[in-house]
Structures are given as C-alpha cells and as structure tokens.
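Nothing in this text is a laboratory measurement; each read-out follows from the coordinates by a stated rule. Being a predicted model, the structure only gives us computed values, none of them experimental. Don't worry about glycine lacking a Cβ; one is built from the backbone with ideal geometry, like all the others, and counts go over all protein chains shown.
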Amino acid sequence: MVASTASTSSGPVKKARSSIGAPSQRTQSSRKGKKAWRKNVDLDDVEGGLEEIRTEERVIGTSLQKTTNQDLFQIDVKGDENVRKRLPKFSTSALTSAKILSQRSAIPAVFSRPQSATPLKRKKLTHEEKDRLLRIGKKMRKGPFNAIIDPTEVGAGSALLEVTEAVKESGKYDVWGTDDETLVTEEVVGNVPGKRTDFKQPNTPHPRTDIAVSAVPAPHEGTSYNPLLDAHQALLRAAHEAEAKRVQDAEELKGVKEKILNARRVAEDGDNGLGAPGMFVDVPGEDAVDEDSDDGEEKPTKKMPERKTKKERIKAAKRRAEKRSLAEKLAQKRLLASVTTAKSVRKSIARTNAQRQSDLLQRHRQAEEERLSKGLAGKKLGKHVIPEGDIDVQLEEDLSESFRAMKPEGNLFRDRFVSMQHRALIEPRVPVIPRKGKAKIKEYEKHAYKRFEREL
C-alpha cells in the first residue's frame with residue numbers, strides 16, 4: 001500500500017539499484033542534515049571507473065594507467081605469422097558458459113592453504129637411518145644373527161655412539177695454513193639467512209716486519225772491562241742524562257699532584273669568610289707597591305686627542321666611503337675575472353691537495369718505518385710503556401783491568417725480556433709482586449690477669 005502511494009506521488013521515483021548493482025537513494029527532497037549527505041550523493045561515475053580498472057586487472061594483470069608505452073605499443077615492421085594461430089577461432093557450437101570459463105584471469109587465485117608446485121616425494125629410509133630412529137625411539141630391533149637388542153642396555157640407547165660431524169669433516173681445513181683462503185660467510189638478519197658474502201682475509205702488516213733491531217745488540221765501547229777514556233765518559237754522560245730525565249719526570253709528576261691537592265684544599269676551605277669557593281682576597285704584603293711613593297722618576301703624561309670638528313668628521317666619512325667603494329669594485333673585478341677560470345682553478349686546487357696529501361702520507365709512512373726500524377722502545381702499547389732499557393756502567397774506581405777481578409753487571413734475563421719487547425715479540429708487561437695478607441693478631445685478657453692486683 002505504501003509502495004503504490006509512493007509511485008503515484010508527484011515526487012521523483014527512487015531507484016532501487018544503480019547501474020552497477022549498488023543500492024541507491026539519491027532522490028531525496030531534503031538534504032539539510034549532514035548525516036544524509038553521503039548516501040544521497042551520486043557515485044555512479046566513480047564506481048563505473050573503479051569497475052573498469054578491476055576489469056583491466058582481471059584481464060591484463062594490471063591497470064592500463066600503470067603500464068608504460070613500451071608495454072602497450074610496439075612498432076611492427078616485419079609482422080608475425082603466428083598471430084593468426086594464437087587468436088581464438090570463432091565457433092558457433094561453443095556455449096557461452098564454456099567461453100566464459102575459457103577466459104582465465106591474469107590475477108592468480110587466492111587459496112586458503114599454501115600449495116607447493118611439486119608434490120613432496122616420500123624419502124626412502126636407509127638401513128642405517130632406520131636403525132638410528134629405532135635406537136632413539138627405544139624400540140626393539142634385531143642385531144646380528146637376528147638377535148633382539150634390548151634398548152635399555154648400556155651403549156644401545158640413542159645415537160650417542162655414532163661419529164659426529166666434526167670427525168667426518170676433520171682433515172679438510174688447515175688451521176695453520178699460510179695460503180690466503182677465501183672465507184665464505186652468510187649474513188643472518190633476524191635468524192633469517194641472507195645474502196652470501198665472499199671476502200678475503202685482510203692483509204694487515206705486523207709491526208715486527210719493519211723492525212731491524214738485532215736480538216743481541218752490540219754493546220757500547222764504554223761497557224768494556226778496560227774501556228777507552230772517551231767511550232767511558234760518553235757512556236757515563238748518557239747514563240747521567242737518562243737518570244736526570246727520570247728524576248725530572250718524577251718531580252713534574254709530584255708538582256702536578258701537589259697542585260691537585262692544593263686545588264682540593266682551596267675548594268674545601270672556600271667558605272672561610274674570604275668569599276665564594278675559588279675566590280681569593282688580595283692581602284697586601286711585602287711585595288705591595290705604594291702608589292703614593294715617588295721614586296723621583298717623572299711618568300710620561302698622555303696627550304689627549306683633540307676633538308674633530310664637524311667638517312673634519314664629514315671629510316673623514318667621505319674618504320672611508322670612497323675607499324670602501326674602490327675595494328668593492330676591485331673585489332667585483334677579480335670575481336668576474338675568476339668566473340671564466342673557476343673550473344681550471346678548481347681542478348688545479350684539487351690536484352694540489354691530492355699531491356700534498358699523498359706527500360704527507362708518504363712522509364708519515366717513511367717516518368713510521370724509520371722509527372719502527374729502531375724498535376718499540378719508549379712506545380705505549382695498551383696500558384704499559386715499553387721500557388728503553390737500563391744502561392749498565394761502572395764508575396772509574398770500580399773498573400777492573402783484568403778478567404780475574406771483573407764483576408758481572410746487569411741481568412741477562414732482563415735484557416732478553418726487554419729485547420723481545422723491543423722487537424714486538426711479546427706485549428709489554430710489568431712485574432706483579434704478590435702481597436701476602438698479614439694475619440690480624442687477636443689479644444685476649446685472661447681471667448687471672450684481671451685479678452692480679454687484688455692478689456697482690
């Protein structure tokens with residue numbers, strides 16, 4: 001009854017569905033409310049365009065808007081004879097349903113479960129693999145002479161007695177080989193194997209290859225039991241300079257420690273009424289200079305500059321403006337002249353910088369090689385500094401003119417140890433002196449000692 005009334009009314013007739021099949025309620029007399037705007041908007045053009053794009057994707061596999069001209073068009077100069085064979089033949093006997101089914105979509109179908117391209121073939125178990133699985137599952141199996149093997153027997157359990165992969169792969173890789181073997185690694189990101197990377201071992205030179213220090217260096221002439229006077233004096237002078245340098249370094253370190261302690265003391269005594277922490281109040285002492293005292297010397301009086309007139313100031317301003325304009329014109333002229341040669345200047349500067357950098361690297365490399373050729377004495381490696389070695393020398397009154405009265409000097413073990421450090425054979429070490437913990441003495445007062453005075 002309501003439908004017939006609506007059909008006979010003078011208003012516009014509502015369409016039940018659009019041309020595509022979607023429901024439509026566009027014909028509405030009032031659109032004052034915002035809620036009724038969306039369902040009353042005509043979207044036939046938009047829906048038609050979307051449906052065309054979907055059809056293109058089903059047939060071609062992608063929309064024509066995203067396809068390039070090279071994929072859409074082709075200039076055919078020769079022609080293809082197989083085009084006619086590929087075209088579908090018209091058949092009056094073929095049913096419409098068969099034609100629709102023969103048009104396969106370019107978009108792959110969606111499956112609920114993943115399907116592999118080739119079905120998995122069942123693996124055939126070998127006799128050894130089957131025996132191993134039976135041992136793991138603790139199942140009864142037959143041994144030699146068809147005897148049943150008990151799985152609970154010692155040594156007949158899981159596959160613990162089999163040869164491991166490490167034993168199978170043993171002998172194939174030489175750990176101490178000198179040949180540069182290519183290492184193959186596999187990048188793993190998030191427990192997922194990635195792209196394989198092939199690289200060679202880095203060829204980093206060892207510093208001992210450039211060291212030209214002999215294992216047992218030739219001793220100085222002054223270390224002889226009966227040396228020459230000049231050689232002995234030179235050795236004494238070298239020993240004195242080394243000891244003086246050591247004493248000077250110790251004094252400098254002591255001075256630095258005293259400065260640190262004084263700074264801490266001043267920071268702690270900052271609130272003693274003289275001011276804020278870190279501030280000092282000048283106290284006049286003996287070295288204070290009395291400003292009122294006159295030593296009889298006349299101090300030169302400074303002549304105050306005369307004030308310029310307005311005319312002189314304007315003239316000076318004009319002169320400064322002219323100088324500034326001339327400097328700007330000269331800079332602009334140089335800039336215009338350098339524009340044409342900017343490319344060549346840039347190339348020459350880059351060439352000069354590259355040559356300078358290569359020369360600097362070459363000089364640095366030569367200096368490093370020259371320094372390494374003399375050993376690593378005095379260089380810090382890690383936490384410790386390689387010692388330079390002590391100079392063993394005797395005073396003139398201690399020298400002996402014969403082998404029979406000669407006294408040994410130095411330590412052979414220490415010399416060999418320091419020599420190995422100089423030649424980068426071992427890392428620098430320092431002697432570690434073990435500290436024995438002193439036992440604490442416990443004192444006990446006996447009861448008889450407490451009553452000693454009373455008993456007297």
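Quick notes
- Along region 325-332 the Karplus relation, 6.51 cos²θ - 1.76 cosθ + 1.60 evaluated at θ = phi - 60°, assigns HN-Hα couplings of 5, 5, 5, 5, 5, 5, 5, 5 Hz to successive residues, with x for each Gly and Pro.
- Spin-label model distance (nm) - ARG371 vs VAL345, 7 Å beyond Cα toward Cβ: 3.8 nm
- Built amide H within the under 5 Å cut-off of ARG141, gap 5+: ILE149
- For ILE211, neighbours were defined as the other residues whose beta-carbon sits under 14 Å from its Cβ, and their charges (Lys and Arg +1, Asp and Glu -1) total +1.
- For the listed peptides 408-418, 426-436, a ranking on the average number of other beta carbons within 10 Å per residue, highest first, reads 408-418, 426-436.
- Between region 425-444 and region 69-148, the Cα center-to-center distance that results, in Å: 77 Å
- The length gained by stretching the chain between ASN146 and LYS302 to full extension, at 0.36 nm per residue less their Cα-Cα distance, is 43.4 nm.
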